[in-house]
Amino acid sequence: MTVNLQGSESIIGSKSFTAVAINCAAKAGEWIKSKLGAHASLSLKSSPHDLVTEVDKGSEKMIRSLILTHFPHHSFLGEEGAGAGPEASRQALEAALQAEDYLWIVDPIDGTTNFVHGFPGYVVSIALAYRGEVIVGVIYDPSRDEMFVAEKGKGAYVHGKRMQVDEADKLGASLIATGFPADHLGSLPVNLRGIQAVAPRVRNVRVAGSAALHLAYVAAGRLSGFWEIGLSSWDVAAGVLMVQESGGRVSDTSGAAYDLRVRNIAATNGAVHEELLHTLQAAGAAGGK
Ligand code: LIP
């Protein structure tokens with residue numbers, strides 16, 4: 001299929017990309033749910049806080065083969081196909097960006113620790129980027145059977161209803177989420193400083209264990225914002241598009257525009273963005289580049 005993003009073919013192409021992403025997320029999500037409490041192997045990756053099971057690997061294999069059956073010339077970047085740790089993640093992204101114009105970026109289970117413990121909040125996250133820009137984002141939460149879908153320029157939806165960020169206009173009226181990164185040496189101390197600075201200023205902080213789900217919830221207006229230090233492209237690519245298409249704002253924690261290489265992320269309803277960034281920066285909790 002030839003796809004020209006500027007022309008009418010893009011509508012056909014983009015719809016079919018989205019349909020494939022939804023199909024993959026639904027199939028993988030149902031399978032993951034069927035394995036809840038029944039995973040056979042548990043291994044550690046970059047640290048004792050970085051878990052992987054055979055279900056993560058099986059989910060990625062299933063999604064990869066479905067996508068490449070439909071789009072054999074696209075490139076594919078999945079968490080379990082990349083090496084462990086921040087540097088390996090950076091390198092895998094650089095290599096994938098060089099390969100083809102179309103790049104699928106997949107986290108086969110975002111929230112693996114939740115999955116391992118039977119705690120709800122493990123999702124499938126699938127994004128498609130064209131020349132480095134995300135054009136489709138799908139996040140499926142099998143625990144609640146919620147499919148979040150975003151298409152560049154066409155909005156973001158859950159349960160067929162258009163999503164819209166919430167209207168909180170200050171941190172004091174906000175519910176904000178963050179995460180504890182698997183990298184306990186570099187990223188965790190920075191995020192802990194951030195929590196210490198943000199928690200007293202907001203209604204409350206949530207740490208639900210899935211960056212992708214947090215982003216989907218910002219898009220759906222269930223959270224006013226989310227930040228985390230040290231994430232990878234597969235954790236956030238789909239969710240970033242969702243927040244943008246729901247009227248929110250996404251940047252790195254220093255305020256620079258989002259691109260796929262951003263690892264320190266802030267995503268909000270827009271209205272509380274500056275206040276969140278300022279709070280993090282004043283506490284020395286924005287991290288480096
Ligand atoms: C996890 C994130 C979580 C974050 C962890 C980790 P995984 O992804 O979504 O919110 O705090 O650092 O990256 O490893 O479950 O796909």
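Rule-based calculations on the coordinates, nothing more; no lab input. All figures in this text were calculated on a predicted structure; none of them were measured in a lab. A quick note on method: Cβ atoms are made from the backbone with ideal geometry, for glycine too, and the neighbour counts reach across all protein chains shown.
Couple of notes before you dig in:
- Projected label distance in nm at residue 98 and residue 283, using a 7 Å step from Cα toward the beta-carbon: 3.9
- Listed peptides 157-164, 53-60, 218-225 by packing density, highest first (mean Cβ within 10 Å): 218-225, 53-60, 157-164
- Gained length - residue 201 relative to residue 68, 0.36 nm times residue gap less alpha-carbon distance: 43.2 nm
- Rounded to the nearest 20 debye, dipole of the chain from Cβ charges on Lys, Arg, Asp, Glu: 380
- Three-way shape label, the stretch 11-162, alpha-carbon gyration tensor, a/c 1.5: oblate
- Between residue 223 and 218, the built amide H atoms are under 5 Å apart, and every one of these is 5 or more places off in sequence or on another chain.
- Restricting the stretch 128-214 to GluC sites (Glu not before Pro) in coil, as DSSP defines it, with at most 12 other Cβ within 10 Å: 167
- Of 57/152; 45/152; 27/170; 33/161; 57/170, those spanning more than 31 Å from alpha-carbon to alpha-carbon: 45/152; 27/170; 57/170
- Using the Cβ-Cβ distance between residue 256 and residue 117 with R0 set to 41 Å, the FRET efficiency works out to roughly 0.70.
- Ranking of 100, 94, 80 by neighbouring Cβ atoms within 10 Å, starting from the fewest: 94, 100, 80.
- Simple Cβ-charge dipole of the stretch 171-282, Lys/Arg +1 and Asp/Glu -1, about Cα centre, in debye nearest 20: 280
- Three-way shape call for the stretch 40-104 based on the alpha-carbon gyration tensor, with the a/c threshold at 1.5: oblate
- Taken one residue at a time, the phi angles of the stretch 215-222 give Karplus couplings (6.51, -1.76, 1.60, θ = phi - 60°) of 5, 4, 6, 4, 4, 7, x, 8 Hz. Gly and Pro are set to x.
- 5 angstrom amide H check on residue 146, placed H, neighbours 5+ away: 141
- Once the Cα-Cα distance is subtracted from the 0.36 nm per residue extended length, the residue 22 to residue 34 segment shows a gain of 2.5 nm.
- Summing charges over all other residues whose Cβ lies under 14 Å from the Cβ of residue 169, with Lys and Arg as +1 and Asp and Glu as -1, gives 0.
- For the stretch 182-190, putting each phi into the Karplus relation 6.51 cos²θ - 1.76 cosθ + 1.60 with θ = phi - 60° gives couplings of 5, 7, 7, 8, x, 8, 4, x, 5 Hz, in residue order, rounded to whole numbers and with x for Gly and Pro.
- Cα gyration tensor category, rounded, prolate or oblate, for the stretch 219-289 with a/c compared to 1.5: oblate
- Total formal charge among the other residues, if their Cβ is under 13 angstrom from that of residue 281, Lys/Arg +1 and Asp/Glu -1: -2
- Equivalent ellipsoid semi-axes, the chain, via Cα gyration tensor eigenvalues times 5, rooted, Å: 27, 22, 18
- Near residue 206, the amide H atoms lying under 5 Å from its own belong to 176, 177, 178; only residues 5 or more places off or on other chains count, and H is placed 1.01 Å from N.
- Stretched out straight at 0.36 nm per residue, the stretch from residue 170 to residue 41 would grow longer than its current Cα-Cα span by 42.0 nm.
- Pairwise FRET efficiency - residue 61 versus residue 144, Cβ, R0 = 25 Å, nearest 0.05: 0.50
- For the chain, the residue among 153, 190, 174 whose Cα projects farthest onto the positive side of the dipole built from Cβ charges is 174.
- Using θ = phi - 60° and Karplus 6.51 cos²θ - 1.76 cosθ + 1.60, couplings along the stretch 97-110 (whole Hz; Gly, Pro as x): 5, 6, 6, 9, 5, 9, 10, 8, 10, 10, 10, x, 9, 9
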